[in-house]
1. Report, by residue number, each residue of the range 252-261 that is in contact with a helix residue (DSSP H, G or I) (Cβ under 7 Å, 6 or more places away or on another chain) and either touching a residue at least 40 places away in the same chain (Cβ under 8 Å) or not small (Gly, Ala, Ser) (or both).
2. Cβ-Cβ under 9 Å, sequence separation 6+ or interchain: first residue in the range 204-222 and hydrophobic (A, V, I, L, M, F, W, C), partner buried (at least 18 other Cβ atoms within 10 Å of the Cβ) and not in a helix (DSSP H, G or I). Which pairs?
3. Among the residues of the range 357-372, how many are charged (D, E, K, R) and at pLDDT 95 or above?
4. For residue 375, indicate whether it is at pLDDT 95 or above, under 22 Å from the mean Cα position of the chain (by Cα) and assigned to a loop (DSSP other than H, G, I, E, B).
5. Quick one: would you say residue 277 is at pLDDT 85 or above, part of a helix (DSSP H, G or I), surrounded by fewer than 19 Cβ atoms within 10 Å (Cβ to Cβ) and not hydrophobic (A, V, I, L, M, F, W, C)?
6. I'm checking my understanding of the structure. Among residues of the range 315-341 that are part of a helix (DSSP H, G or I) and more than 19 Å from the chain's Cα centre (by Cα), which one is surrounded by the most Cβ atoms within 10 Å (Cβ to Cβ)?
7. Which residues, taken from the range 10-19, are over 22 Å from residue 239 (Cβ atoms) and in contact with a Pro (Cβ under 7 Å, 6 or more places away or on another chain)?
8. Going by the conditions given, is residue 349 at pLDDT 90 or above, closer than 28 Å to residue 268 by Cβ and in contact with a helix residue (DSSP H, G or I) (Cβ under 9 Å, 6 or more places away or on another chain)?
Amino acid sequence: MDEFGMGSHSRPPFTNPVLSNFKRHGDVLSAGGSSGGSAVAVATGQCWAALGTDTGGSVRLPAAYTATVGFKPSYGRLSRWGVLAYANSLDTVGTLTSNVDDARMLLRCLDHFDGRDPTSLPDAVRERIRHLLSAHDPQRQRSQRLRIGIPLEYNIASLALPVKTAWSKLLHALQDAGHTLHSVSLPTTQQALSAYYVLAPAEASSNLAKYDGVRYGHRTMGPDASPGENLPLFAATRGLGFGAEVQRRILLGAYTLSSDAMDNYFLQAQKVRRLVQADFDRVFAFEHPLHDGYDVVKSDNNGGVDILVTPTAPTLPPTLAEVARQTPIENYMNDVFTVPASLAGLPALSVPFDLDQNASEEEVLESVGMQVIGQFGDDDLVLEVGNIIENM
């Protein structure tokens, strides 16, 4: 995986990159990240299923790149006990499997309150969610026809043609199966990625402060104090013990939490996060089960949609050689479709869908990841729609 889960291509700085099971013109493709090792292990049959952590798309993106199923449950649904925190308010344990039924089976096994995890949903909250879903089901009639939302903001200029073609093909197939399509607007989506790369590094800079070589983590051999440069004892240890990307995010996070930048960056990003959550609440028919008295005006005349269907990633997986030439900003753009659901804590699933062979041309990878996003707590419906897509 990527170091501390910070990356989109599973290229840890001190070891070798994860090698995808797919190639293009003989060049190995990116396995996605940060949980690329888990995805490849499932894709190549080394295991039946694997766990990963999804902070901004780190389970869904590898699934899309390796033709596996990646599921990020609602925030707090699966225990994070034993996970080294990257960004506490975003980190979610997810699953990687070869099909949706296996993802559902894993969810049933792991979906329990864990008192050792302070973010784990208590039993009372889980029961409240089940009660609200049960009351909502007769209105939805999910077994007959679903109202599927198509977010307009996900049809971006950089959306690769093969991905766009597969998305359109899937939507037409869903419509032919009797479900209805509805365009929805999630305007804050355009700011979501920027907000994420303020909030996540800020939390990371705090969480990784313990890696100073004095109490915890790698310790550089020899004297590492630099009195002449007025640097602290652990400066050399942290400089050598962290890879370039982790250092970049720690520094970015430390800056956004500084007194000079707090108002302009961190607090503004928190406001964007609330707007992202409000956008999703506005388009879903099912009310957010944790927002008591939260007045939301639905964007659709008929009361909102049941589910959202989007691509998981804007492009097909690049080769490792192409990744090596990318700038950090280009790497961050891989998460543009996965980050919004993470900011809102919503359940999201990446399912492989067949590529149009004319569009993919010489691609060895024969599928593209399609993402299903549901309202908070509506994980079962997300998996149900995943089953529908899987069987098309």
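1. Matches in the range 252-261: 252, 253, 254, 256, 257.
2. 204/6; 204/85; 204/86; 204/87; 208/85; 208/86; 208/242; 214/234
3. Narrowing the range 357-372 to residues charged (D, E, K, R): 361-363, 366.
Imposing the further condition that a residue be at pLDDT 95 or above reduces the set to none.
Number of matching residues: 0.
4. Working: at pLDDT 95 or above: yes; under 22 Å from the mean Cα position of the chain (by Cα): yes; assigned to a loop (DSSP other than H, G, I, E, B): yes.
In short, yes.
5. Details: at pLDDT 85 or above: yes; part of a helix (DSSP H, G or I): yes; surrounded by fewer than 19 Cβ atoms within 10 Å (Cβ to Cβ): no; not hydrophobic (A, V, I, L, M, F, W, C): yes.
It is false that residue 277 is at pLDDT 85 or above, part of a helix (DSSP H, G or I), surrounded by fewer than 19 Cβ atoms within 10 Å (Cβ to Cβ) and not hydrophobic (A, V, I, L, M, F, W, C).
6. Start the filter on the range 315-341 by keeping residues that are part of a helix (DSSP H, G or I), which leaves 320-325, 328-335, 339-341.
Then keep just the ones that are more than 19 Å from the chain's Cα centre (by Cα); that gives 320-325.
Working: 320: 19, 321: 11, 322: 15, 323: 21, 324: 11, 325: 9.
If we take residues in the range 315-341 being part of a helix (DSSP H, G or I) and more than 19 Å from the chain's Cα centre (by Cα), then 323 is surrounded by the most Cβ atoms within 10 Å (Cβ to Cβ).
7. Step one: list which residues in the range 10-19 are over 22 Å from residue 239 (Cβ atoms), which gives 10, 16-19.
Hit for the range 10-19 is 10, nothing else.
8. Numbers: at pLDDT 90 or above: yes; closer than 28 Å to residue 268 by Cβ: no; in contact with a helix residue (DSSP H, G or I) (Cβ under 9 Å, 6 or more places away or on another chain): yes.
So residue 349 fails the test.
The values are calculated or read from the model by the stated rules, or taken from the named source; none is laboratory data. Model, not experiment: these values are computed from the prediction. All Cβ positions, even for glycine, are placed from backbone atoms using ideal geometry, and neighbour counts span all protein chains on display.
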